[in-house]
Amino acid sequence: MPMLDVYAPKGIFSDKHALAKELAETIVRWEKASVIPFFTDNTAAFIHQLEPESFSTAGAAATACVSM
C-alpha cells in the first residue's frame, strides 16, 4: 500500500484532510494505477502537525546526518 507521511509545523495547512486526500490521489496517478477502489482504498497520506520547536532539533539532526 503506498503511504505518504508529511511532517509540518502546526498551522501550516488550513485543511489537512483535503491535503491528505489530494496527496493520496497524486500517489495513485504517479504510480499509474487505475482509479478504482482497490487502489484508492489502499493508498494513504497522513499529515502530522508538530510543535514548531520540534523542527529546529530535527533539522539540526538531519543536517548532521547528511553532512557526515
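Since every read-out is calculated from the coordinates, none of them should be taken as a lab result. Keep in mind that this is a model prediction, so the values were computed, not measured. Positions of Cβ are backbone-derived with ideal geometry, glycine not excepted, and every protein chain shown enters the neighbour counts.
By the count of neighbouring beta-carbon atoms within 10 Å, fewest first, K32, K16 end up ordered K32, K16. For K16, a cut-off of 13 angstrom between C-alpha atoms picks up these aspartates and glutamates, skipping any fewer than 8 places away in its own chain: D5. Neighbour counts of other Cβ atoms within 10 Å put V35, V28 in the fewest-to-most order V35, V28.
Cβ crowding within 10 Å, taken as a proxy for footprinting-reagent exposure, orders S34, S14 from fewest neighbours to most as S14, S34.
Extending 7 Å from the Cα toward the beta-carbon at both F55 and K10 defines two label points whose distance is 1.4 nm.
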